[in-house]
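The next block holds one structure in the form of structure tokens; read it before the comments.
The values are calculated or read from the model by the stated rules, or taken from the named source; none is laboratory data. Just so we're clear, the structure is a prediction, and the values are computed from it rather than from any experiment. As a convention, Cβ positions derive from the backbone with ideal geometry for all residues, glycine included, and neighbour counts pool all protein chains shown. To get the accessible areas, we keep the full protein, side chains included, count just its heavy atoms, and leave off ligands, DNA and RNA. Shrake-Rupley method; radii C 1.70, N 1.55, O 1.52, S 1.80 Å.
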Amino acid sequence: MAPTDVHTDSGPGPAPRPGGGTEDTLDLRLPEDFLTLFRGNGEAGQSGPALPTPASAVSETPTWNASGTPASTATSPSTVRPAPAWEPTRPAGPAAATATGSGPGQTAAAPLAPARAGGAAGDLLDNLGGWEPAATPVGDFRLVPVVLERDLALISRWMNDPAVAAFWELAGPDSVTAAHLRAQLDGDGRSVPCLGVLDDKPMSYFEIYRADLDPLARHYPARPHDTGIHLLIGGVLDRGRGIGSVLLRAVSDLVLDNRPRCTRVLAEPDMRNTPSVSAFLNSGFRYSAELDLPDKRAALMVRDRALRNLL
């Protein structure tokens, strides 16, 4: 029987909340020599940033509106082919890894993928922004690092869905969601917020994070390179049909495929969120323990590399 993943998620995520304490936040910066130990002497960043785009290449800036449907696409005079229905903007090199515009209320002239996803700090998650799509029973799926100017309206609308807000607690004006996203985008790269894009349509939100570098590591016996997942299914029509379980398996497979030093993928959904716990169990995770976290009683869900093909 398919799980009823009405609002599949794993909690409010590692970013600080307005008015909360300062202990468990992403604002904590680790010393560079300590971070180097976890990067494995540079092995995680072997692929490096994307190569600069040739001057003769097509220049496109795809966007979509708050409903997740494609919006206008700005092109340069040199455009020689029509833009696809949706395509993430990719960085053109280290120098281009900053977005123009002064905030979510201003349209960026050329929104770029966040520096933390593909730049030097992206080594903590093995260049997540460059991971290939995954084929799933419900379509082609990929993780696309969030660009605040492009994605804020859509993610904020999802956060204001009562079924989501009950566990993420980020309902309110766009500024509430913006603060949550910025805490990750401006951090040291241990957590990367992403859109889950299914057949070229953004329909879910994920946070992929280094659980061993997160405050969560204080509450369980962490191993180096443990990787955590937070998620929500954005569209009501995509809930309650087992899609959450399919995507959880796909994302945990992507982590294990692209992070060879990661031996397990973790999640800590709220114990009260039985649809979420059910979705994890149906996607190859096992229940490991109950955790008393500062903001919730959580179920520690684990997908082990060694048991990947057995569960």
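Quick grid of which residues meet (1) more than 26 Å from Arg297 (Cα to Cα); (2) open to solvent by 10 Å² or more (accessible area, probe 1.4 Å):
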position: Leu154; (1), (2): yes, no
position: Gly189; (1), (2): yes, no
position: Val192; (1), (2): no, no
position: Ile208; (1), (2): no, no
position: Arg218; (1), (2): no, yes
position: Ala222; (1), (2): no, yes
position: Leu231; (1), (2): no, no
Legend entry - the range 222-244 residues that are within 15 Å of Pro162 (Cα to Cα), paired with ones that are part of a helix (DSSP H, G or I) and not charged (D, E, K, R) (beta carbon under 7 Å, 6 or more apart): Leu232/Trp158; Leu232/Val164; Leu232/Trp168; Ile233/Ile243; Ile233/Gly244; Gly234/Trp158
Inset, instruction - Go through (1) open to solvent by 60 Å² or more (accessible area, probe 1.4 Å); (2) over 19 Å from Met203 (Cβ atoms) and name the single condition Arg241 misses. - result: (2)
Inset, instruction - Find all pairs meeting these conditions: Cβ atoms under 6 angstrom apart; at least six residues apart or on different chains; first residue within the range 266-281 and more than 19 Å from Asp295 (Cα to Cα); second residue of a type outside the set (S, T, N, Q) and assigned to a strand (DSSP E or B). - result: Phe280/Ala267; Phe280/Met301
Legend entry - Filter result for the condition that a residue is out of contact with any strand residue (DSSP E or B) (no Cβ under 6 Å at 6 or more places or on another chain) and acidic (Asp, Glu), over Asp238, Asp270, Asp226, Asp292: Asp292
Legend entry - Members of the range 290-307 found to be touching a residue at least 60 places away in the same chain (Cβ under 8 Å) and open to solvent by 80 Å² or more (accessible area, probe 1.4 Å), listed by number: Asp292, Pro294
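Look at the range 125-148 and say how many of its residues are open to solvent by 50 Å² or more (accessible area, probe 1.4 Å) and over 29 Å from Arg272 (Cα atoms). First the steps, then the outcome.
We begin by selecting, within the range 125-148, every residue open to solvent by 50 Å² or more (accessible area, probe 1.4 Å); these are 132-133, 135, 137-138, 140.
Now drop any that are not over 29 Å from Arg272 (Cα atoms), which leaves 132-133, 135, 140.
Going through the range 125-148 one residue at a time, the tally reaches 4.
Residue by residue, here is whether (1) part of a strand (DSSP E or B); (2) of a type in the set (A, V, I, L, M); (3) open to solvent by less than 10 Å² (accessible area, probe 1.4 Å); (4) at pLDDT below 95 holds:
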site: Asp253; (1), (2), (3), (4): no, no, no, no
site: Asp257; (1), (2), (3), (4): no, no, no, no
site: Arg272; (1), (2), (3), (4): no, no, no, yes
site: Ser276; (1), (2), (3), (4): no, no, yes, yes
site: Phe280; (1), (2), (3), (4): no, no, yes, no
site: Gly284; (1), (2), (3), (4): no, no, yes, no
site: Ser288; (1), (2), (3), (4): yes, no, no, no
Inset, instruction - Write out, first by first residue and then by second, each pair whose Cβ atoms fall under 7 Å of each other, whose residues are 6+ apart or on separate chains, and whose first residue, in the range 134-163, is more than 20 Å from Ala178 (Cβ to Cβ) while the second is among the acidic types (Asp, Glu). - result: Ala134/Asp253; Gly139/Asp199; Asp140/Asp199
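What do you reckon, is Thr89 assigned to a loop (DSSP other than H, G, I, E, B) and either open to solvent by 70 Å² or more (accessible area, probe 1.4 Å) or at pLDDT 95 or above (or both)?
On the way: assigned to a loop (DSSP other than H, G, I, E, B): yes; either open to solvent by 70 Å² or more (accessible area, probe 1.4 Å) or at pLDDT 95 or above (or both): no.
In short, no.
Evaluate the following for Arg249: is it out of contact with any Gly (no Cβ under 9 Å at 6 or more places or on another chain) and either surrounded by fewer than 24 Cβ atoms within 10 Å (Cβ to Cβ) or not hydrophobic (A, V, I, L, M, F, W, C) (or both)?
No: the conditions fail for Arg249.
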